[in-house]
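K.L.:
Right, I'll just put the structure down here and ask away after.
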4 protein chains.
Amino acid sequence: MRFFSDNAAPVCPEVMTAIAAANQVDTAYDGDALSKRLDGAFSDLFGTSVAALWVSSGTAANSLALAALAQSHQSVLCHDEAHIQIDECGAPEFYTGGAKLLLVGGEGAKLTPDAVTARLATIRTGDVHHMQPAALSITNATEYGLVYTPDQVAALGEVAKARGLGFHMDGARFANAVVNLGCDPGDLTWRAGIDALSFGFVKNGGLSAEALIFFDPELAAATRYRRKRAGHLLSKGRFAAAQILAMLEDDVWLRNARAANGGARRIADAAGDRLVHPVEANELFVRMTADEAASLRAQGFDFYDWSPGVIRLVLSWSQPDAEVAALGAAIAAL
Amino acid sequence: MRFFSDNAAPVCPEVMTAIAAANQVDTAYDGDALSKRLDGAFSDLFGTSVAALWVSSGTAANSLALAALAQSHQSVLCHDEAHIQIDECGAPEFYTGGAKLLLVGGEGAKLTPDAVTARLATIRTGDVHHMQPAALSITNATEYGLVYTPDQVAALGEVAKARGLGFHMDGARFANAVVNLGCDPGDLTWRAGIDALSFGFVKNGGLSAEALIFFDPELAAATRYRRKRAGHLLSKGRFAAAQILAMLEDDVWLRNARAANGGARRIADAAGDRLVHPVEANELFVRMTADEAASLRAQGFDFYDWSPGVIRLVLSWSQPDAEVAALGAAIAAL
Amino acid sequence: MRFFSDNAAPVCPEVMTAIAAANQVDTAYDGDALSKRLDGAFSDLFGTSVAALWVSSGTAANSLALAALAQSHQSVLCHDEAHIQIDECGAPEFYTGGAKLLLVGGEGAKLTPDAVTARLATIRTGDVHHMQPAALSITNATEYGLVYTPDQVAALGEVAKARGLGFHMDGARFANAVVNLGCDPGDLTWRAGIDALSFGFVKNGGLSAEALIFFDPELAAATRYRRKRAGHLLSKGRFAAAQILAMLEDDVWLRNARAANGGARRIADAAGDRLVHPVEANELFVRMTADEAASLRAQGFDFYDWSPGVIRLVLSWSQPDAEVAALGAAIAAL
Amino acid sequence: MRFFSDNAAPVCPEVMTAIAAANQVDTAYDGDALSKRLDGAFSDLFGTSVAALWVSSGTAANSLALAALAQSHQSVLCHDEAHIQIDECGAPEFYTGGAKLLLVGGEGAKLTPDAVTARLATIRTGDVHHMQPAALSITNATEYGLVYTPDQVAALGEVAKARGLGFHMDGARFANAVVNLGCDPGDLTWRAGIDALSFGFVKNGGLSAEALIFFDPELAAATRYRRKRAGHLLSKGRFAAAQILAMLEDDVWLRNARAANGGARRIADAAGDRLVHPVEANELFVRMTADEAASLRAQGFDFYDWSPGVIRLVLSWSQPDAEVAALGAAIAAL
């Protein structure tokens, strides 16, 4: 029973069906009929005109977004536990040509306007010795499964705009955030100042396609070249577009995230005081002795040791009810 | 009837079946059971111990290969019509951190030992003003559908080794070359001095997976980091591995290439003196007036205008016999 | 008697005096009084408002200029024997983050509008597979000592502007060109469409300072950061500014170039039919057998073997008259 | 009376004399007689065979050193207030092609073995998601004027070697550290595990030359290309070499640093309890109200406001005794 990562989960049936249906001759790269539908589909979803590009990983989406917002001699503010800082082997530096991530602390990998403002204050505007800030990047839901509300995003957006920064959201688990908030995706993004969104599908039931959304379509122009230059312009792009369109249709993306969040909620109820953070998406960080963790593993549960005394559990869209119930019971029984 | 590009062709059934079969929980990235089989499968195929990494495009494979062979202050020799020079939007420069492609001419996008030797002679060894050559890259089959024989590769390999260069083969159409030659894949690669091979599957019936083969497995070590850093370490890598393994099994890759080459052969017979180059793979370059080209298009044939008076035809693994026959007849009737 | 390179020549007395005079406390980097005078001095010289930055080498000036004009996924057209292509160990690629130099041929390292137009025609506008051209770079005087006239520059400038390209002039020997033409420096640059000029001083009697001139001062903004980031923002920048100001004052830069060109003229007269190119600046390319070259060397003349049967002679601002006379006589006597 | 920065100070007479003496024809770049003496001069100084390259700024020296030790997908540990992190506009990222600086805290910008060990423990060895550490960089004297002893360096060197890291010392104020310690330069560097040293001369009385020392001469090979590629291979390199040789001769570098440190010592005695850090080199950080700072400025003293309630004073090699006495008295009188 795997609670290790939503990355390892299966692909949802709608996506598999769409891939099979896309298997016919069409124009290569992103000249096919499906790829051409992306801009419209996301413009409808967000209620504004956007440019949407498929890429095959969240790391590619994040890095292309940052490269659109920051030049190589500039810097990007993010949380010191952000995925772009910790887990992407320097992809932001690679794609931007060496921009620096300026780190800001905060509980649960969440940034606050005050913390960002304070960090910005340490950089002298116009001083050529300092990499001038050009972008702010947040993750929603965060790496600890916390969710920024539209108001919280908007407050950060104001800080960003006041300093002239672009604003990026790493939405590897954007669906989980939207489901938790029950909000309009537009309220959580462009109406709150977001310029570029890495809209994750793979963790949420996709196979190999993420969407990179630019709320200012102009920002996508150079990105199309950078995507090619990075080897991310797939020959048979229709299969990437097909995955995304399948998950947008009938709100499959929300259904899947609801399932994952729901499972997490049930485990959270069982874990009670053991929780390190509130559970707002599909991840749980649970205090546990090494013996307790070993006991769970002996019962067949697979998960990640986060830090001494803390394990991480991630629920996927496809987690069987029985597994969730079993894990909840096992934790309650510790 | 599309003779535009093998990129646009469908995915072969074995690959689709393998993707469906891979749809179950497994370890993320390349920790799954299928990805772990790649080194062995390619080591068996080539008759030597190799490291094999999946990536999602030929551009990524080529660029990662070059980054393993050349540092940012060095240079790579290639044909002046090579895909890496013309069609990848600077991916080699991006991945190597700015290495320069040194261009060499040659009929049909083929390099000769003499031409490479002459180009190398223009670079003063040890002169810090000159980007010292570090690698030689050839495409087999070439961008014009010509094939290097094992002896021809080996002759270039000797030139490369004599100057201490790494030797890369862009094998986007490697299968087509092997089928044409009827040779052992090892004879066309490592036994002829090749260090890294971009082994193409997408043009030959795959969906989104190419294999990057290092004949010296040590070369793969840093590449694993560079692949992650480029956003090419897919979360659900098992689907990439599944595609490749399916095409290796029962020699599907050879069967598909045989079909494509065979179709090209039939068109070539019809085109006769119109051919600009010998037809050794699945591409044809055919002399044709604008009126003749228009006439073919009016009959429903879709293709690429290569240069004034020359069209390009590409046959795919799935080209229906009837389409091939029809095109052959139409050309003969011009 | 060294006719090897103007790089090796001494520093002219005005520069040495200015360096000595600058040796007092002042603000670091480019905050000193002398550095602040550069914009004005060059604006006066060119008759338009410019931004002028000192850097310590022509390679740095060229590369910073190109980085201001081309993004990493774009390309720069230049002659295939341009210094930026051949002799800078990939500095343009380094500073631009991997932009590609697209090469154009032409006699004497000179580009013509037709040749540039033809090269541009090979790049499909808006095709993401092709690095879109963003800049044109010429060298004046060229690497073969030929000079572009204001009209010739303007004709290239028109081609550049028509395609939306920035236009850079590598003026390592700009002084020699201006002296040859007897023209207004503004006519040879911004009035002919030049956006950025590497204005060389070191070969012409300076010690370690070149000027990078932006005719659109806005272009300098990001360059100030890139200069720092490249380690070219010197702590004691006043010594760089002092050199440049000393050479502008009383037209020392023209006097020095006149001396070098004049020496070349005298050797040219002696060389007659041996000349490979017209002599328009301070370089000569002279046909000569290996025996003849050896004979000159035996008489104490030092120079560079350019290619089989051709030697290169470079005259410096400080070449003693006697040496010039001796070399002329020696060549005439061969 | 400027206590703002040692960067702004004059050049010492020996250097000016050496520059004047170098003003004669010699081979360009680093082929001249003076440049060729550098390896030997520094090998003598350090008591081991080294490779020594001149560059024109500390930023260039630091970045070239890091590029020799870390690849673009790797990381470099340094203090979170290190010059390479704060004040070089991303030069390390530029030169390494995007390596990441991993930050470590510590009083007075000093690292301890424990802090470094703890930071290293957060990076999973061999995990491709994490930029693997490749180098450790310290500044001696630190950005707060503290000095690492040979034993302290050696203890860090052991940590570095145990993890396979290269070890770099930013010695912008190396002279001040050596003078403070009265130690053998070899004991403070290679015998303590240092692989590359940025040996500063400009802050200590030089004009525009720093030395980059590789204690493993092999490390210099690629650096020679990178120096050219960065535009730091000066045409008339003899003037850079001359500066350095002049400061090594008769221990001018030690004499100058002794003067600067001595001045700082005198101010420190006057400042007493106001000192934020011990004064071990030529910098002082002094607690002071805004009114007190204004009073000093009104008396003609120029300095830098470091942080609320703290000013920074830097003594140069040429600080007049009277200025030092006056400042000491003024502080004592506050």
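The values are calculated or read from the model by the stated rules, or taken from the named source; none is laboratory data. Please read these numbers as outputs of a predicted model, since none were measured by experiment. When we count neighbours, we look across all protein chains shown, and the Cβ atoms used for this are built from the backbone with ideal geometry, even at glycine. When the accessible area is computed, the model is the full protein with side chains, heavy atoms only, and any ligands, DNA or RNA have been set aside. Shrake-Rupley method; radii C 1.70, N 1.55, O 1.52, S 1.80 Å.
K.L.:
Quick one: is residue D:135 assigned to a strand (DSSP E or B) and either touching a residue at least 40 places away in the same chain (Cβ under 8 Å) or open to solvent by 10 Å² or more (accessible area, probe 1.4 Å) (or both)? Full working, then the answer.
P.N.:
Numbers: assigned to a strand (DSSP E or B): yes; either touching a residue at least 40 places away in the same chain (Cβ under 8 Å) or open to solvent by 10 Å² or more (accessible area, probe 1.4 Å) (or both): yes.
Yes.
K.L.:
Can you name the residue in the stretch A:80-102 that is open to solvent by less than 10 Å² (accessible area, probe 1.4 Å) and within 14 Å of the chain's Cα centre (by Cα) and is also farthest from residue C:73 (Cα to Cα) among such residues?
P.N.:
Selected residue: A:82.
K.L.:
Starting from the stretch A:85-104, take each residue that is within 18 Å of residue B:223 (Cβ to Cβ) and list its partners that are of a type in the set (Val, Ile, Thr), counting only C-beta distances under 8 angstrom and pairs at least six apart or across chains.
P.N.:
Close Cβ pairs (under 8 Å, with a partner that is of a type in the set (Val, Ile, Thr)) amount to A:88/A:59; A:89/D:128; A:91/A:59; A:91/A:84.
K.L.:
If you check residue A:241 against the conditions, is it farther than 24 Å from residue A:77 by Cβ, within 14 Å of another protein chain (Cβ to nearest Cβ), of a type in the set (Gly, Ala, Ser) and buried (at least 20 other Cβ atoms within 10 Å of the Cβ)? Spell out the reasoning first.
P.N.:
Working: farther than 24 Å from residue A:77 by Cβ: yes; within 14 Å of another protein chain (Cβ to nearest Cβ): yes; of a type in the set (Gly, Ala, Ser): yes; buried (at least 20 other Cβ atoms within 10 Å of the Cβ): yes.
Against the criterion (farther than 24 Å from residue A:77 by Cβ, within 14 Å of another protein chain (Cβ to nearest Cβ), of a type in the set (Gly, Ala, Ser) and buried (at least 20 other Cβ atoms within 10 Å of the Cβ)), residue A:241 qualifies.
K.L.:
Moving on to the next point. Within the stretch B:3-54, track down each residue that is at pLDDT below 95 and of a type in the set (S, T, N, Q).
P.N.:
Passing the criteria: B:5, B:7, B:24, B:27.
K.L.:
Looking for something touching a residue at least 60 places away in the same chain (Cβ under 8 Å) and either charged (D, E, K, R) or within 14 Å of another protein chain (Cβ to nearest Cβ) (or both) - is there at least one such residue anywhere in the stretch C:117-129?
P.N.:
Narrowing the stretch C:117-129 to residues touching a residue at least 60 places away in the same chain (Cβ under 8 Å): none.
No, the stretch C:117-129 contains no residue that is touching a residue at least 60 places away in the same chain (Cβ under 8 Å) and either charged (D, E, K, R) or within 14 Å of another protein chain (Cβ to nearest Cβ) (or both).
K.L.:
What number of residues within the stretch D:171-201 are open to solvent by less than 10 Å² (accessible area, probe 1.4 Å) and within 11 Å of chain C (Cβ to nearest Cβ)?
P.N.:
Total meeting the criteria: 3.
K.L.:
In this structure, is residue C:69 under 17 Å from the mean Cα position of the chain (by Cα), more than 9 Å from chain D (Cβ to nearest Cβ) and closer than 29 Å to residue A:96 by Cβ?
P.N.:
Values: under 17 Å from the mean Cα position of the chain (by Cα): no; more than 9 Å from chain D (Cβ to nearest Cβ): yes; closer than 29 Å to residue A:96 by Cβ: yes.
Criteria not met by residue C:69.
K.L.:
Kindly provide the set of residues from the stretch D:181-200 that are within 25 Å of residue D:316 (Cα to Cα) and in contact with a helix residue (DSSP H, G or I) (Cβ under 6 Å, 6 or more places away or on another chain), ordered by number. Explain how you work it out, then say what you get.
P.N.:
If we filter the stretch D:181-200 for residues that are within 25 Å of residue D:316 (Cα to Cα), which is where we start, we get D:181-186, D:188-189, D:197-200.
Those that are within 25 Å of residue D:316 (Cα to Cα) and in contact with a helix residue (DSSP H, G or I) (Cβ under 6 Å, 6 or more places away or on another chain): D:183, D:185, D:186, D:188, D:198, D:199, D:200.
K.L.:
Shifting gears a bit: Is it the case that some residue within the stretch C:284-296 is crowded, with 19+ Cβ neighbours inside 10 Å and in a loop (DSSP other than H, G, I, E, B)?
P.N.:
Within the stretch C:284-296, the first condition is being crowded, with 19+ Cβ neighbours inside 10 Å, and the residues that meet it are C:284-286, C:288, C:296.
Those still in the list that are in a loop (DSSP other than H, G, I, E, B) too: C:288.
The answer is yes, given that some residue of the stretch C:284-296 is crowded, with 19+ Cβ neighbours inside 10 Å and in a loop (DSSP other than H, G, I, E, B).
K.L.:
Which ones in the stretch B:115-127 are assigned to a loop (DSSP other than H, G, I, E, B) and surrounded by 23 or more Cβ atoms within 10 Å (Cβ to Cβ)?
P.N.:
Let us first name the residues in the stretch B:115-127 that are assigned to a loop (DSSP other than H, G, I, E, B), namely B:122-127.
Result: no residue meets the conditions.
K.L.:
In the set B:234, B:334, which member is at pLDDT below 95 and open to solvent by 10 Å² or more (accessible area, probe 1.4 Å)? Give the derivation first.
P.N.:
Details: B:234 fails: at pLDDT below 95.
Of B:234, B:334, the one residue that is at pLDDT below 95 and open to solvent by 10 Å² or more (accessible area, probe 1.4 Å) is B:334.
K.L.:
Scan the stretch D:210-230 and tell me whether some residue there is free of Cβ contacts under 8 Å to residues at least 24 places away in the same chain, in contact with a helix residue (DSSP H, G or I) (Cβ under 8 Å, 6 or more places away or on another chain) and either open to solvent by 10 Å² or more (accessible area, probe 1.4 Å) or basic (Lys, Arg) (or both).
P.N.:
Yes, the stretch D:210-230 has at least one match.
K.L.:
Which residues, taken from the stretch B:195-221, are over 20 Å from residue B:242 (Cα atoms), touching a Phe, Trp or Tyr at 6+ places or on another chain (Cβ under 8 Å) and hydrophobic (A, V, I, L, M, F, W, C)? Steps first, please.
P.N.:
The initial filter retains those residues of the stretch B:195-221 that are over 20 Å from residue B:242 (Cα atoms), namely B:195-196, B:215-221.
The next check asks that each one be touching a Phe, Trp or Tyr at 6+ places or on another chain (Cβ under 8 Å); those that pass are B:195-196, B:215, B:220.
Matches in the stretch B:195-221: B:196, B:215, B:220.
K.L.:
Using the structure shown, decide if residue B:76 is of a type in the set (Val, Ile, Thr), within 11 Å of chain A (Cβ to nearest Cβ), in contact with a strand residue (DSSP E or B) (Cβ under 8 Å, 6 or more places away or on another chain) and surrounded by 24 or more Cβ atoms within 10 Å (Cβ to Cβ). Please lay out each step first, then the result.
P.N.:
Values: of a type in the set (Val, Ile, Thr): yes; within 11 Å of chain A (Cβ to nearest Cβ): no; in contact with a strand residue (DSSP E or B) (Cβ under 8 Å, 6 or more places away or on another chain): yes; surrounded by 24 or more Cβ atoms within 10 Å (Cβ to Cβ): yes.
Answer is no for this residue.
K.L.:
Of the conditions (1) under 17 Å from the mean Cα position of the chain (by Cα); (2) within 14 Å of chain D (Cβ to nearest Cβ); (3) more than 16 Å from residue A:277 (Cβ to Cβ), residue A:143 satisfies every one except a single condition; which number is it?
P.N.:
Going through (1) under 17 Å from the mean Cα position of the chain (by Cα); (2) within 14 Å of chain D (Cβ to nearest Cβ); (3) more than 16 Å from residue A:277 (Cβ to Cβ) one by one, residue A:143 breaks only (3).
K.L.:
Could you tell me whether residue C:110 is modelled with pLDDT of 95 or more and over 19 Å from the mean Cα position of the chain (by Cα)? Can you show your working first?
P.N.:
Numbers: modelled with pLDDT of 95 or more: yes; over 19 Å from the mean Cα position of the chain (by Cα): no.
No.
K.L.:
Since residue A:329 meets every condition but one in (1) under 30 Å from residue A:45 (Cβ atoms); (2) touching a residue at least 40 places away in the same chain (Cβ under 8 Å), which condition does it not meet?
P.N.:
Unmet for residue A:329, out of (1) under 30 Å from residue A:45 (Cβ atoms); (2) touching a residue at least 40 places away in the same chain (Cβ under 8 Å): (1).
K.L.:
Please enumerate the residues belonging to the stretch D:38-60 that are facing chain C (nearest Cβ under 9 Å) and of a type in the set (Val, Ile, Thr).
P.N.:
Taking the stretch D:38-60 first, the residues facing chain C (nearest Cβ under 9 Å) are D:55-60.
Result: D:55, D:59.
K.L.:
Applying the selection to the stretch D:253-279, what residues are under 21 Å from the mean Cα position of the chain (by Cα) and crowded, with 23+ Cβ neighbours inside 10 Å?
P.N.:
D:253, D:256, D:257, D:260, D:261, D:263, D:264, D:279
K.L.:
With the requirement that a residue be more than 30 Å from residue C:323 (Cβ to Cβ), more than 7 Å from chain C (Cβ to nearest Cβ) and either open to solvent by less than 30 Å² (accessible area, probe 1.4 Å) or of a type in the set (A, V, I, L, M) (or both), what does the stretch D:3-37 give you? Let's see the steps before the verdict.
P.N.:
In the first step, residues of the stretch D:3-37 are kept if they are more than 30 Å from residue C:323 (Cβ to Cβ); the result is D:3-15.
Now narrow it down to the ones that are more than 7 Å from chain C (Cβ to nearest Cβ): D:3-4, D:6, D:12-15.
Scanning the stretch D:3-37 gives D:3, D:6, D:12, D:15.
K.L.:
Only one of (1) free of Cβ contacts under 8 Å to residues at least 60 places away in the same chain; (2) of a type in the set (A, V, I, L, M); (3) in contact with an Asp or Glu (Cβ under 8 Å, 6 or more places away or on another chain) is not met by residue D:8, so which one is it?
P.N.:
Here residue D:8 clears every test but (1).
K.L.:
Counting only residues that are assigned to a strand (DSSP E or B) and open to solvent by 40 Å² or more (accessible area, probe 1.4 Å), how many does the stretch B:297-311 have? Break it down into steps so the answer makes sense when it comes.
P.N.:
Here is the first cut: in the stretch B:297-311, the ones assigned to a strand (DSSP E or B) are B:302, B:304-307, B:310-311.
Imposing the further condition that a residue be open to solvent by 40 Å² or more (accessible area, probe 1.4 Å) reduces the set to B:302, B:304-307.
Looking only at that region, the number is 5.
K.L.:
What are the residues in the stretch D:60-73 that are open to solvent by 10 Å² or more (accessible area, probe 1.4 Å) and touching a strand residue (DSSP E or B) at 6+ places or on another chain (Cβ under 9 Å), if any?
P.N.:
D:68, D:69, D:71
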